[in-house]
Amino acid sequence: MKLAIIGSGMIVNDFLTMIGDIPNIQLEAIVGTDRSSDKMELLKNKYGIRQVLTSYEECLKNKNIDTVYIALPNHLHFSFAKQAILSKKNVICEKPFTLKSSEMRELRELALANKVLLLEAITNQYLTNYKKIKESLKAIGTIKIVECNYSQYSSRYDAFKKGEILPAFNPKMGGGALMDINIYNIHFVTGLLGKPKKVTYLANIEKEIDTSGILSLDYGDKKIICIGAKDSTAPIRTIIQGDKGAIIIDGPTSIIDKFTVIDNQNKSAVVDFKVHTHRMYEEFIEFERIISDSDFETMTKHLDHSEMVMGIVDQGLESAGITLG
Ligand SMILES: NC(=O)c1ccc[n+]([C@@H]2O[C@H](COP(=O)([O-])OP(=O)(O)OC[C@H]3O[C@@H](n4cnc5c(N)ncnc54)[C@H](OP(=O)(O)O)[C@@H]3O)[C@@H](O)[C@H]2O)c1
């Protein structure tokens, strides 16, 4: 894969510490605005990236680049992905895919029409420990309740309270607790249970954005609560309760370092199939494979999942009266 990295913010700095461990990915370019050129130059030298580009157009014309990794504020995902697809580049787009499901569907149609691969970078779907949780569900019987709590006080909330609205809290840029943090919980739950019957989002809204909230997913015979907060903190934990036992994950649903299965007699077993210390390793191993094999069948399965999640986001935001973009 001949990759151009779009953006040089927090996630790119994190991603670059891991990507050297994956064979067959050449870092052809890092792309951003003029204001980031010094930062990008430093990253280029540190990680052996071939070139710094301050023009996205130039990146999309470059024949040595076959794939872009879009790691920009959420409101830019759609337009940057669309331009890339129309230039026949494969796209790996950070979560949340887009601000609304209609945009995601448009990208999907365009990708198929242009015969390029389109993938959402959402860590948990690719983690071996997540696959092991799926396999372990039968041990806990019929699922009744799931509670996911991903609450992490954000330093950006301090700035927000002082009136400095950074992208993660900006409704115009697709910020908010649901899009930034609770979305991992939605991917986690729906990857296990599929599409819920009913979605409701109870949000704490300040300055037109959800700083925290509780998303309920009603499956009829099981009830799910996904909590995401950037304005307060709590133990970050997920519990899946069945009639024969429970699965407990300490830590965010984006990482899943290990998990514990307990039965109704309180006998417990810890399961840990972690493949790499970095949560993004397994997704990028698979992205590289999907792209080099032109595996449109697997891409379609992942897009079906992402589309379901975007539909839930639409319903959640609508039920809370939040408009993004
Ligand atoms: N997968 C994960 O675990 C994970 C974790 C965190 C974030 N994310 C996702 O990754 C994305 C980026 O998040 P982040 O925390 O890295 O954000 P960030 O630190 O704010 O960085 C955003 C980057 O986008 C660049 N940018 C902004 N406007 C641009 C434009 N018009 N053209 C080109 N570049 C532009 C910024 O450059 P300037 O400074 O020059 O504006 C900066 O390099 C978000 O979608 C977020 O949801 C994923």
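The values are calculated or read from the model by the stated rules, or taken from the named source; none is laboratory data. Keep in mind that this is a model prediction, so the values were computed, not measured. Neighbour counts are summed over all protein chains in view; Cβ atoms, including those assigned to glycine, are modelled from backbone coordinates with ideal geometry. These accessible areas exclude ligands, DNA and RNA; they are computed on the full protein's heavy atoms, side chains included. Shrake-Rupley method; radii C 1.70, N 1.55, O 1.52, S 1.80 Å.
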Hits in the stretch 159-210 - residues which are modelled with pLDDT under 95 and either closer than 24 Å to ARG237 by Cα or not assigned by TED's automatic domain parsing to the domain that holds GLY242 (or both): ALA168
Filter result (within 20 Å of ILE247 (Cβ to Cβ) and either surrounded by 23 or more Cβ atoms within 10 Å (Cβ to Cβ) or of a type in the set (Lys, Arg) (or both)) within the stretch 197-223: LEU215, LEU217, LYS222, LYS223
Where SER55 falls short, out of the listed (1) open to solvent by less than 50 Å² (accessible area, probe 1.4 Å); (2) away from the ligand (no atom under 16 Å from the Cβ): (2)
Single residue of the stretch 256-268 satisfying the filter (open to solvent by less than 60 Å² (accessible area, probe 1.4 Å) and in contact with a helix residue (DSSP H, G or I) (Cβ under 9 Å, 6 or more places away or on another chain)) that is farthest from the ligand (Cβ to nearest atom): ASP263
Yes/no for ASN62 being open to solvent by less than 70 Å² (accessible area, probe 1.4 Å) and near the ligand (Cβ under 10 Å from one of its atoms): no
Residue pairs meeting the criteria (Cβ under 6 Å; at least 6 apart or on separate chains; first within 13 Å of the ligand (Cβ to nearest atom), in the stretch 146-174; second charged (D, E, K, R)): SER154/LYS230; LEU166/ARG156; ALA168/ARG156; ALA168/ASP180
Subset of the stretch 104-127 [in a helix (DSSP H, G or I), within 16 Å of the chain's Cα centre (by Cα) and farther than 13 Å from HIS187 by Cα]: MET104
Of all residues in the stretch 94-103 being in contact with a helix residue (DSSP H, G or I) (Cβ under 6 Å, 6 or more places away or on another chain) and part of a helix (DSSP H, G or I), the one that is least open to solvent (accessible area, probe 1.4 Å): SER101
Test: residue in the stretch 76-87 that is touching a Pro at 6+ places or on another chain (Cβ under 8 Å) and either under 18 Å from ILE6 (Cα atoms) or not basic (Lys, Arg) (or both): yes
Test set (1) more than 15 Å from the ligand (Cβ to nearest atom); (2) open to solvent by 40 Å² or more (accessible area, probe 1.4 Å) - THR67 fails condition number: (2)
Qualifying residues in the stretch 23-49 (those that are more than 12 Å from the ligand (Cβ to nearest atom) and among the hydrophobic types (A, V, I, L, M, F, W, C)) - the one surrounded by the most Cβ atoms within 10 Å (Cβ to Cβ): ALA29
Condition met for VAL91 (under 28 Å from TYR281 (Cβ atoms), away from the ligand (no atom under 13 Å from the Cβ) and in a strand (DSSP E or B)): yes
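Report the residue count in the stretch 104-125 for those that are within 19 Å of THR300 (Cβ to Cβ) and either within 10 Å of the ligand (Cβ to nearest atom) or open to solvent by less than 20 Å² (accessible area, probe 1.4 Å) (or both). Quick ask: steps written out before the conclusion?
First pass over the stretch 104-125, keeping only residues within 19 Å of THR300 (Cβ to Cβ): 104-122, 125.
With the extra rule that they be either within 10 Å of the ligand (Cβ to nearest atom) or open to solvent by less than 20 Å² (accessible area, probe 1.4 Å) (or both), the set shrinks to 104, 107, 111, 116-122.
Looking only at that region, the number is 10.
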Long-range neighbours under 6 Å by Cβ, at least six apart or interchain, first residue more than 16 Å from ILE85 (Cβ to Cβ) and of a type outside the set (A, V, I, L, M, F, W, C) within the stretch 114-128, second open to solvent by 10 Å² or more (accessible area, probe 1.4 Å) and within 10 Å of the ligand (Cβ to nearest atom): THR123/ARG279
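Is there a residue in the stretch 194-201 that is among the aromatic types (Phe, Trp, Tyr) and in a strand (DSSP E or B)? Break it down into steps so the answer makes sense when it comes.
Within the stretch 194-201, the first condition is being among the aromatic types (Phe, Trp, Tyr), and the residues that meet it are 201.
Filter again for in a strand (DSSP E or B), leaving 201.
For the stretch 194-201, residues among the aromatic types (Phe, Trp, Tyr) and in a strand (DSSP E or B): present.
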Complete set of residues in the stretch 273-298 that are in contact with a helix residue (DSSP H, G or I) (Cβ under 6 Å, 6 or more places away or on another chain), open to solvent by less than 20 Å² (accessible area, probe 1.4 Å) and not in a loop (DSSP other than H, G, I, E, B): GLU283, ILE290
Sole residue being within 15 Å of the ligand (Cβ to nearest atom), part of a helix (DSSP H, G or I) and under 22 Å from ALA111 (Cα atoms), chosen from ALA4, ALA84: ALA84
